[in-house]
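Inspection log for the structure reproduced underneath, given as structure tokens.
The values are calculated or read from the model by the stated rules, or taken from the named source; none is laboratory data. If you're wondering where the values come from, they're calculated on a predicted model, not measured in any experiment. Here the Cβ is made from the backbone with ideal geometry for all residues, glycine too, and neighbour counts use every protein chain on show.
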Amino acid sequence: MAAFGPRVKKKPMAEINVVPYIDVMLVLLVVFMVTAPMLMQGVQVNLPQAPSSPIDDKEDEPLIVSVDKTGAYFIELGGEPKQSKPLADITAMVSKVLGEKPTTPVLVWGDREVSYGMVVSLMTELQGAGAPSVGLVTDPPK
């Protein structure tokens, strides 16, 4: 071994190259920023505009019940496809969810063209299903 010269010992590199991880994180951030607004609303509802303050951000994801302009009821629950459901089925689903998680907030997305009576009857049924308070969602004025 002496004929080849002295052996040079290499020290192992103790640093981790984090640049690829930062690149992946930034790409994921952009993807989530683009897709998050699309995931919030399942049924196209034309919300009324009202100057109101936002509700406190809670840990539980809200339970969203929608009424479209034709008066059909929809519920956002577990990624189900958008299908109109009778009010009795929606109140049964809400009572099941609130039985498991009583602190889940319940929000109503009511189209501005639907009658006031339909929204009030929906809110009454939701309170009867065990929702301590039902919130109305509006768009801020432009």
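Descriptive notes on the structure:
- Screening Ser66 on (1) in a helix (DSSP H, G or I); (2) of a type in the set (Gly, Ala, Ser); (3) buried (at least 19 other Cβ atoms within 10 Å of the Cβ) shows it passes everything except condition (1).
- Checked across segment 11-29, the condition of being outside any loop (DSSP other than H, G, I, E, B), at negative phi, modelled with pLDDT under 80 and among the aromatic types (Phe, Trp, Tyr) holds for no residue.
- Residues of segment 98-113 satisfying the condition of being over 18 Å from Lys85 (Cβ atoms) and part of a helix (DSSP H, G or I): Gly99, Glu100
- Restricting segment 114-141 to residues that are in a helix (DSSP H, G or I) and of a type outside the set (A, V, I, L, M, F, W, C) leaves a set whose member that is surrounded by the most Cβ atoms within 10 Å (Cβ to Cβ) is Glu125.
- Residue check for Val67: of a type in the set (Val, Ile, Thr), modelled with pLDDT under 85 and within 20 Å of Leu122 (Cβ to Cβ): no
- Residue within segment 32-45 that is in contact with a Pro (Cβ under 7 Å, 6 or more places away or on another chain) and either loosely packed, with under 14 Cβ neighbours inside 10 Å or modelled with pLDDT of 80 or more (or both) present: no
- Conditions (1) within 19 Å of Leu77 (Cα to Cα); (2) among the hydrophobic types (A, V, I, L, M, F, W, C); (3) modelled with pLDDT of 80 or more; number of the one not met by Val120: (1)
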